[in-house]
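Okay, structure first, notes after.
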Amino acid sequence: MDTGFTVEQLRAAARDAVRAPSMHNTQPWRFRLHDGGIELSVDPRRRLPATDPSGWGGRLGCGAALFNLRLSLAVAGTPARVRIRPYPHDPDVVARLVPDLPRRPTPAELSLHAAVPRRFSNRAPFWPDPVPAEARWLLGEAARAEQCWLELVIGVSAVNAFAEIAHSAHRVLGRDPAYRSELAAWARTGPARDGVPAAAGGPVAEPQDLLPTRGFGTRERAPGRDFEPEPLVAVLGSAGNTAADQVAAGQALQRVLLTATDAGLAASLLSQPIEVPGAREALRLSLGRFGTPQMVLRIGYGQPGWPTPRRDVDEVLDLPVGQA
Ligand SMILES: Cc1cc2nc3c(=O)[nH]c(=O)nc-3n(C[C@H](O)[C@H](O)[C@H](O)COP(=O)(O)O)c2cc1C
């Protein structure tokens, strides 16, 4: 179809899409051209059956990749119209993108796109400097632009209450041997193109840490380099909790993360309290919000860190025969 996207457009946009965050850096996405449209699917071979039995994490990661895909196409002057979960009979297809009217990218699209290669999870301690009010407002706007909400956990007692919920979820998950072995399988000590390298894993947990960490790190921290005493914790949520809501939350997550990167901020993700249903409900009640918490972010000013690797883009493309 001559009015559809081309293989080159798909490949260029997918290069940006794969920079999205994903649980344990499984990179759970595939991209294909179909009837002139780009289709993004969850890759069933990259599921985490113990850690992500419902597929929530896979849909969040694909939602984040979808945001990068949209952004990349818009910046190339070929924006897309998006249908989420276009085929009821094939729930693995997360989105279908077809060309919209060509237009010039907006300044906001250009700066978010420039942040794509600079964004990564920073699990190291941040500086104690507070995040300015204007940046906090921009982060909330980023979530709202994608039909989600971002609630900041403000004040020492609210952060302590959140930390309790997060630690209890962390303990519940850690009791499951299948969860532990999945974590170990994706924590990398040698060269790999997926999984979380030890260098990016942050420091080894210590008893004085306010928030739990996932346990990818093997580095002892430098003396005096404890985590910031009053982290800025933000909870991203969606109106409902359908598969489409989770894809929307993934897009909102990526928009928030790129907005933070563009503002010179670092972030790490913390999803233990989302993965344990009782903890997620306690978190929702503590925020006094309707809707569903979908992700927790720690945001602040950090030292430059370590981007995690990605598989080659051609490994995640399903191209028509003769176009590979
Ligand atoms: C659904 C989801 C859950 C995640 N949960 C955590 C988490 O609990 N702890 C953590 O350190 N990182 C978490 N991450 C971040 C991933 O580990 C990270 O995105 C991945 O390793 C790729 O690295 P990058 O973000 O530096 O590109 C999560 C990411 C997603 C999409």
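The values are calculated or read from the model by the stated rules, or taken from the named source; none is laboratory data. Quick caveat: nothing in here was measured; it's all calculated off a predicted structure. Counting neighbours? That spans all protein chains shown, and the Cβs are built from the backbone with ideal geometry, glycine included. All accessible areas refer to the heavy atoms of the entire protein, side chains included, with ligands and DNA or RNA removed. Shrake-Rupley method; radii C 1.70, N 1.55, O 1.52, S 1.80 Å.
When you check residue 253 against the structure, is it part of a strand (DSSP E or B), open to solvent by less than 10 Å² (accessible area, probe 1.4 Å) and not acidic (Asp, Glu), yes or no? Spelling it out, it is not the case that residue 253 is part of a strand (DSSP E or B), open to solvent by less than 10 Å² (accessible area, probe 1.4 Å) and not acidic (Asp, Glu). Considering 267, 279, the condition of being of a type outside the set (Val, Ile, Thr) and assigned to a helix (DSSP H, G or I) is satisfied by 279 alone.
A Cβ distance below 7 Å, combined with a sequence gap of six or more or placement on separate chains, defines the contacts here; from the range 174-199, residues that are exposed (fewer than 14 other Cβ atoms within 10 Å of the Cβ) reach residues that are aliphatic (A, V, I, L, M) in the pairs 176/50; 178/50; 189/198. Give me the residue from the range 81-97 that is out of contact with any Phe, Trp or Tyr (no Cβ under 7 Å at 6 or more places or on another chain) and assigned to a strand (DSSP E or B) and, out of that set, nearest to the ligand (Cβ to nearest atom). It comes out as 94. Quick one: is residue 131 of a type in the set (A, V, I, L, M), away from the ligand (no atom under 16 Å from the Cβ) and more than 18 Å from residue 236 (Cβ to Cβ)? Considered against the rule, which asks whether it is of a type in the set (A, V, I, L, M), away from the ligand (no atom under 16 Å from the Cβ) and more than 18 Å from residue 236 (Cβ to Cβ), residue 131 comes out as no. The residues listed here are 212, 229, 191; of these, the one that is assigned to a loop (DSSP other than H, G, I, E, B) and either in contact with a Lys or Arg (Cβ under 8 Å, 6 or more places away or on another chain) or within 12 Å of the ligand (Cβ to nearest atom) (or both) is 212. Do we find that residue 206 is surrounded by fewer than 15 Cβ atoms within 10 Å (Cβ to Cβ) and outside any helix (DSSP H, G or I) in this structure? So residue 206 fits the description; yes. Kindly provide the set of residues from the range 152-168 that are among the hydrophobic types (A, V, I, L, M, F, W, C) and either under 18 Å from residue 207 (Cβ atoms) or touching a strand residue (DSSP E or B) at 6+ places or on another chain (Cβ under 8 Å) (or both), ordered by number. The answer is 152, 153, 159, 162, 163, 166. For residue 294, the criteria (1) surrounded by fewer than 18 Cβ atoms within 10 Å (Cβ to Cβ); (2) not in a helix (DSSP H, G or I) hold in every case but one, which is (1).
This table checks each residue for (1) of a type in the set (Val, Ile, Thr); (2) touching a Cys at 6+ places or on another chain (Cβ under 8 Å); (3) over 20 Å from residue 311 (Cβ atoms).
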residue	(1), (2), (3)
28	no, yes, no
36	no, no, yes
47	no, no, no
50	no, no, yes
60	no, no, no
74	no, no, yes
90	no, no, yes
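Here residue 70 meets each of (1) in a helix (DSSP H, G or I); (2) more than 22 Å from residue 309 (Cβ to Cβ); (3) open to solvent by less than 60 Å² (accessible area, probe 1.4 Å) with one exception, condition (3).
Kindly indicate whether residue 261 is open to solvent by 40 Å² or more (accessible area, probe 1.4 Å) and out of contact with any Cys (no Cβ under 6 Å at 6 or more places or on another chain). Answer is no for this residue. Pairs meeting the criteria (first residue in the range 56-69 and modelled with pLDDT under 95, second residue near the ligand (Cβ under 10 Å from one of its atoms), beta carbons under 8 Å, at least 6 apart or on different chains) are lacking. Restricting 239, 243 to residues that are open to solvent by 50 Å² or more (accessible area, probe 1.4 Å) and either in contact with a Ser or Thr (Cβ under 9 Å, 6 or more places away or on another chain) or within 23 Å of residue 61 (Cα to Cα) (or both) narrows the list to 239. Within the range 280-294, one or more residues are within 19 Å of the chain's Cα centre (by Cα) and near the ligand (Cβ under 9 Å from one of its atoms). Selection of the range 47-80 for residues being more than 10 Å from the ligand (Cβ to nearest atom) and more than 21 Å from residue 142 (Cβ to Cβ) yields 47, 49, 50, 53, 54, 55, 76, 77, 78.
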